[in-house]
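The values are calculated or read from the model by the stated rules, or taken from the named source; none is laboratory data. Predicted model, so just to flag it, every value in this text is computed and none were measured. Because the Cβ atoms are built from the backbone with ideal geometry, glycine has one as well, and the counts that use them run over all protein chains shown.
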Amino acid sequence: MKESKATMRDIPAIDRLLEGLTTQPELAQFSHQIIVSKLRTVVEEARNKLKQNKSVDVSVESLVFKVRSELLALGSCSLHRVVNATGVVLHTNLGRAPLGKSAVRMVDDIMSGYSTLEYNLATGERGSRYTHVVNKLCALTGAEDAIVVNNNAAAVLLVLSVLAQGREVIVSRGQLVEIGGSFRVPDVLKQSGALLVEVGTTNKTHISDYQEAINQNTAVILKVHTSNYRIVGFTAQPDAKELVELAHNHGFPVVDDLGSGTLVNVAVDGWHEPTVAECLAAGTDVVTFSGDKLLGAGQAGIIAGKQQYINKLKKHPLLRALRINKLSLAALEGTLIDYLTGVAYKNIPVQRMLNRRPEELKEQAYKLATMLNGLTTYGWSIDVVPLISKAGGGTLPEVEFRSFGVSIMATGKSTAVLEREFRKYIVPIIVRIQAEKILFDVRCLEIEDMEMIQKACFGMAKGARE
Ligand SMILES: *Cc1c(COP(=O)(O)O)cnc(C)c1O
């Protein structure tokens, strides 16, 4: 106790610390006010630690160093571009879908100036932000009308709030999905003010289960695409057509939360991911899906379906709260144009990466291995290996995409150390680790990424030798 009191008095005066800081040339870019406020927080933290009897270095050097590094961190980017060598195409932690070139050009053009966001060029009057994508979405999906919001979670919330508030929504027990921790179907339903009626069992739900649950207060049958898990074995779910017939006989709609919602076929052996168009063709009244999953645009939630329901959504006050921003809207329109002009598989990174054939990936892995070949003189071992990559982002669960990659091992460096060095590289390289080896899955790598990996590897190998 005595010791801590003595140390408390050792905390240098703010003025003295300030002197040490203002003489540093790298901090010249920060205003006096920012420096002082950061300084006060750092001193306050030190004081609190002392109060809790924790040991802390309160020398001028130590405190100045702390303030300096915190200020420099404030002035630099925390969001970094990274190289994704994990093979996971829609990596949630790495930002889901990378945008295609047309989408990026469109975002750049729209965001750096004024735009027709809500301006009708034909009349010179106020327009609607939704018009830019609605016709395109309808043409691609066969929907009568559509609307877009902030993300798919918002889409589901809006649809249920409008169509089912205070009334019952029937959902199969096999579809009470949780996506990434924060989106749970029962919670979203509750938030919308709708009442969840669970039917069937985890593995089997029959059309009769739905039928028995229908009453005067039923508003919607909600189908949820089990996009991040699969129930296999002894299972049953009525198909969309049966559900539509049942719901329509009772005069209420079927809503399908497709989640991943692809607009085109994903070519993977032994698996068919339902497209939005197929879902609507089965008679589903309203479909919701994400903009930044299989579609490959930015964060957005798309609601497509029958005119009468979309009209109701347009009038609801929640729409304003959940509305899409112009950045995402530009990315979405740019991406939709790629689909409409037949260049989706070529221009949209997610579609291109998911549809790459193993032969092509093998060739690319050999190319990377050749680029890294000189590392053997440093005692590193380089091998081309077959891999399985994943779609990720809570889509296509358990679907295995045959891929190829390069495995490396460095003499005198553990895999953990190596992984960390790649992660801390100027352009961070996120790798896979398997059986004590570092793996670069080539599925999500562009040529620039491979050059970055080459540069990093040679830098590390040379650094270790010096
Ligand atoms: C991903 C997903 C969501 C959430 O979509 P976000 O665009 O991330 O908000 C909701 N439902 C399903 C079935 C999903 O797969």
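Criterion first (exposed (fewer than 14 other Cβ atoms within 10 Å of the Cβ) and of a type in the set (Ser, Thr, Tyr)) does THR370 satisfy it? It is true that THR370 is exposed (fewer than 14 other Cβ atoms within 10 Å of the Cβ) and of a type in the set (Ser, Thr, Tyr).
So that you can scan it fast, the table gives a plain yes or no per residue for (1) surrounded by 14 or more Cβ atoms within 10 Å (Cβ to Cβ); (2) touching a helix residue (DSSP H, G or I) at 6+ places or on another chain (Cβ under 9 Å); (3) among the basic types (Lys, Arg):
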| residue | (1), (2), (3) |
| --- | --- |
| ASN347 | yes, yes, no |
| ARG352 | yes, yes, yes |
| PRO386 | no, yes, no |
| GLU421 | yes, yes, no |
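Would you confirm whether any residue within the stretch 111-121 is at pLDDT 95 or above and under 23 Å from the mean Cα position of the chain (by Cα)? Within the stretch 111-121, one or more residues are at pLDDT 95 or above and under 23 Å from the mean Cα position of the chain (by Cα).
So, in the stretch 370-385, of the ones that are in contact (Cβ under 8 Å) with a residue 24 or more places away in the chain and in a strand (DSSP E or B), which residue ends up nearest to CYS444 (Cα to Cα)? Per the stated criteria, the residue is VAL385. Can you name the residue in the stretch 295-322 that is assigned to a loop (DSSP other than H, G, I, E, B) and not hydrophobic (A, V, I, L, M, F, W, C) and, of all such residues, is nearest to the ligand (Cβ to nearest atom)? Here the answer is GLN299. Comparison of ALA219, ALA247, ALA300 shows that the only residue that is within 23 Å of the chain's Cα centre (by Cα) and either without any contact (Cβ under 8 Å) to a residue 24 or more places away in the chain or more than 19 Å from PRO397 (Cα to Cα) (or both) is ALA300.
Yes/no matrix, rows are residues, columns are (1) more than 15 Å from the ligand (Cβ to nearest atom); (2) surrounded by fewer than 18 Cβ atoms within 10 Å (Cβ to Cβ); (3) among the aromatic types (Phe, Trp, Tyr); (4) outside the structural domain of GLY142 (by TED's automatic domain parsing):
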residue: THR201; (1), (2), (3), (4): yes, yes, no, no
residue: TYR210; (1), (2), (3), (4): yes, no, yes, no
residue: ALA219; (1), (2), (3), (4): yes, no, no, no
residue: LYS223; (1), (2), (3), (4): no, no, no, no
residue: TYR229; (1), (2), (3), (4): no, yes, yes, no
residue: VAL244; (1), (2), (3), (4): yes, no, no, no
residue: HIS248; (1), (2), (3), (4): yes, yes, no, no
residue: VAL255; (1), (2), (3), (4): no, no, no, no
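Restricting attention to the stretch 129-187, the residues being without any contact (Cβ under 8 Å) to a residue 12 or more places away in the chain and surrounded by 21 or more Cβ atoms within 10 Å (Cβ to Cβ) number 0. Comparison of SER69, SER31 shows that the only residue that is under 34 Å from the mean Cα position of the chain (by Cα) and at pLDDT below 95 is SER69. So if I check each of THR23, THR92, which one is surrounded by 10 or more Cβ atoms within 10 Å (Cβ to Cβ), within 30 Å of LEU368 (Cα to Cα) and at pLDDT below 95? Of the residues listed, the single one that is surrounded by 10 or more Cβ atoms within 10 Å (Cβ to Cβ), within 30 Å of LEU368 (Cα to Cα) and at pLDDT below 95 is THR92.
Taking helices (runs of 4 or more DSSP H) as the structural unit, those lying wholly within the stretch 54-158 and holding at least 1 residues that are away from the ligand (no atom under 16 Å from the Cβ) and closer than 30 Å to ALA391 by Cα correspond to 101-111, 131-141. Determine whether VAL266 is within 16 Å of the ligand (Cβ to nearest atom), under 21 Å from VAL188 (Cβ atoms) and of a type in the set (Val, Ile, Thr). Answer is no for this residue. Would you confirm whether any residue within the stretch 289-296 is more than 29 Å from GLY270 (Cβ to Cβ), touching a residue at least 60 places away in the same chain (Cβ under 8 Å) and not assigned by TED's automatic domain parsing to the domain that holds MET452? Taking every residue of the stretch 289-296 in turn, none turns out to be more than 29 Å from GLY270 (Cβ to Cβ), touching a residue at least 60 places away in the same chain (Cβ under 8 Å) and not assigned by TED's automatic domain parsing to the domain that holds MET452. Test ALA281 against the criterion of being among the hydrophobic types (A, V, I, L, M, F, W, C), farther than 21 Å from VAL185 by Cα and more than 16 Å from the ligand (Cβ to nearest atom), and give yes or no. So ALA281 fits the description; yes.
From the list SER78, SER115, which residue is without any contact (Cβ under 8 Å) to a residue 24 or more places away in the chain and either outside the structural domain of PHE401 (by TED's automatic domain parsing) or surrounded by fewer than 12 Cβ atoms within 10 Å (Cβ to Cβ) (or both)? After ruling out the rest, the residue left standing is SER78. Could you tell me which numbered condition LEU196 fails, if it satisfies all but one of (1) surrounded by fewer than 20 Cβ atoms within 10 Å (Cβ to Cβ); (2) away from the ligand (no atom under 16 Å from the Cβ); (3) among the aliphatic types (A, V, I, L, M)? Evaluating LEU196 over (1) surrounded by fewer than 20 Cβ atoms within 10 Å (Cβ to Cβ); (2) away from the ligand (no atom under 16 Å from the Cβ); (3) among the aliphatic types (A, V, I, L, M) leaves (2) as the failure. Determine whether THR235 is away from the ligand (no atom under 12 Å from the Cβ) and within 29 Å of the chain's Cα centre (by Cα). Taking the combined requirement at face value, the residue does not satisfy it.
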